[in-house]
1. Condition test on Ala96, is it crowded, with 20+ Cβ neighbours inside 10 Å, among the small types (Gly, Ala, Ser) and touching a helix residue (DSSP H, G or I) at 6+ places or on another chain (Cβ under 7 Å)?
2. Of Gly57, Gly97, which residue is in contact (Cβ under 8 Å) with a residue 12 or more places away in the chain, within 15 Å of ligand 2 (Cβ to nearest atom) and at positive phi?
3. Please count how many residues of segment 90-105 are among the charged types (D, E, K, R) and in contact with a Ser or Thr (Cβ under 9 Å, 6 or more places away or on another chain).
4. Go through segment 53-67 and give me each residue that's in contact with a strand residue (DSSP E or B) (Cβ under 6 Å, 6 or more places away or on another chain) and part of a loop (DSSP other than H, G, I, E, B).
5. Which members of segment 220-241 meet the condition of being within 16 Å of ligand 3 (Cβ to nearest atom) and either charged (D, E, K, R) or modelled with pLDDT under 95 (or both)?
6. Can you tell me which residue in segment 1-45 is farthest from ligand 2 (Cβ to nearest atom), limited to those that are polar (S, T, N, Q) and modelled with pLDDT under 95?
7. When you scan segment 226-300 for strands (runs of 3 or more DSSP E) that lie fully inside it, which ones turn up with 1 or more residues that are more than 13 Å from ligand 1 (Cβ to nearest atom) and in contact with a strand residue (DSSP E or B) (Cβ under 6 Å, 6 or more places away or on another chain)?
8. Could you look through segment 197-222, keep only residues that are outside any helix (DSSP H, G or I) and more than 15 Å from ligand 1 (Cβ to nearest atom), and pick out the one that is surrounded by the fewest Cβ atoms within 10 Å (Cβ to Cβ)?
Amino acid sequence: MRVLVADDDPVTRRLLEAQLQKWGHEVIVCADGSCAWRLLSAENAPRLIILDWMMPGIDGVNICREIRKLEQQPYKYLILLTSKSRQDEVIEGLEAGADDYITKPFNPNELKVRIRTGARIVQLHEELTLALEKSRFQASHDSLTSLFNRTAIFQALHSELERSRRESTKLSVILADIDHFKHINDGYGHLAGDAVLKELAKRIASSLRMYDSVGRYGGEEFVIILPGCDEQEARNAAERIRSCIADKPIVTSAGEISCTLSLGVTSAPGTSVKNMDQMLKKADEALYHAKNCGRNRVEL
Ligand code: GH3
Ligand code: MG
Ligand code: MG
Ligand code: MG
């Protein structure tokens, strides 16, 4: 565990450093509150902190208050280690946001176990954060392709359409559908079909710019949002996607599979495009047209 020690007393500092190192922690020391605050504001700051109360710069209690005001920060476990030992002082320290309060002179054995408690909480918090991130990702992404799922891509389209209206910018949407995907499943098996979907998703995503979005909105159907693109630019993008898939067969454990996409493009502002549903309907009509004109093609 990386532990930050902030104390203006050199003897305490040295003592703490030696003890903590003996217990296997990596120790960062500083002699005043401003230095501690700077270290704590940095990215990848230590998560377990031992703070003296009275120090030059910002005192330990104020550091606790300031840390607790910050949002979106990895949890910091704060231990006040101070010679102030009155009950009202303990209450003030804990109320300021300290997780624990130890009075000087401290008993090393007690400090050791209290730090262990802190490390356990930091660890639990880390696990919780990771689990939360994972579940947020899962709620908005498709598990097979890791693209946005239907809900998330429609949300993105809705807000992009709002933005394009607000800022009078262009916006294009592409609907893409795999050609005769049923034949691929029938001929090579469902698992190979899944591998094709995954690889197509990868190729589509890597042919886009960083502010474009792509989602899987049906079994073998994708929505691509191109903010700032007019019809011609969107057609070029769709053509790029079409050819990066048609030009190179997909290697799966069931063999090399050739596969093509049909794509329908629509852009806003357009005469009849007033909302997301209309925009998707127009793109779907263009896609239907691409299918009817022989597949493996882009239509507006
Ligand atoms: P078209 O060119 O007209 O689009 O023909 P198609 O065969 O692609 O279209 P159809 O809608 O008839 O079939 C879509 C197929 O996609 C049927 C379905 O089993 C398959 N599919 C949908 N989701 C998945 C999936 O997650 N994995 C696999 N392997 N197949 C899927
Ligand atoms: Mg002091
Ligand atoms: Mg389909
Ligand atoms: Mg299809």
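The values are calculated or read from the model by the stated rules, or taken from the named source; none is laboratory data. Bear in mind the structure is a predicted one, so any value in this text is a computation, not a measurement. Cβ placement follows ideal geometry from the backbone for every residue including glycine, while neighbour counts extend to all protein chains displayed.
1. Details: crowded, with 20+ Cβ neighbours inside 10 Å: yes; among the small types (Gly, Ala, Ser): yes; touching a helix residue (DSSP H, G or I) at 6+ places or on another chain (Cβ under 7 Å): yes.
Spelling it out, Ala96 is indeed crowded, with 20+ Cβ neighbours inside 10 Å, among the small types (Gly, Ala, Ser) and touching a helix residue (DSSP H, G or I) at 6+ places or on another chain (Cβ under 7 Å).
2. Working: Gly97 fails: within 15 Å of ligand 2 (Cβ to nearest atom).
Going through Gly57, Gly97 in turn, just one is in contact (Cβ under 8 Å) with a residue 12 or more places away in the chain, within 15 Å of ligand 2 (Cβ to nearest atom) and at positive phi: Gly57.
3. Adding up the residues that qualify gives 3.
4. Listed by number, the list holds a single entry, Trp53.
5. Glu220, Glu221
6. To start, the set of residues in segment 1-45 that are polar (S, T, N, Q) comprises 12, 19, 21, 34, 41, 44.
Filter once more, so that each one left must be modelled with pLDDT under 95: 41, 44.
Numbers: Ser41: 21, Asn44: 27 Å.
Looking at the filtered set, the residue picked out is Asn44.
7. Numbers: elements: 250-252, 255-257, 261-268.
Correct list: 261-268.
8. Of segment 197-222, the ones outside any helix (DSSP H, G or I) are 207-222.
From what's left, more than 15 Å from ligand 1 (Cβ to nearest atom): 207-214.
On the way: Ser207: 18, Leu208: 17, Arg209: 10, Met210: 5, Tyr211: 10, Asp212: 19, Ser213: 20, Val214: 23.
The residue in question is Met210.
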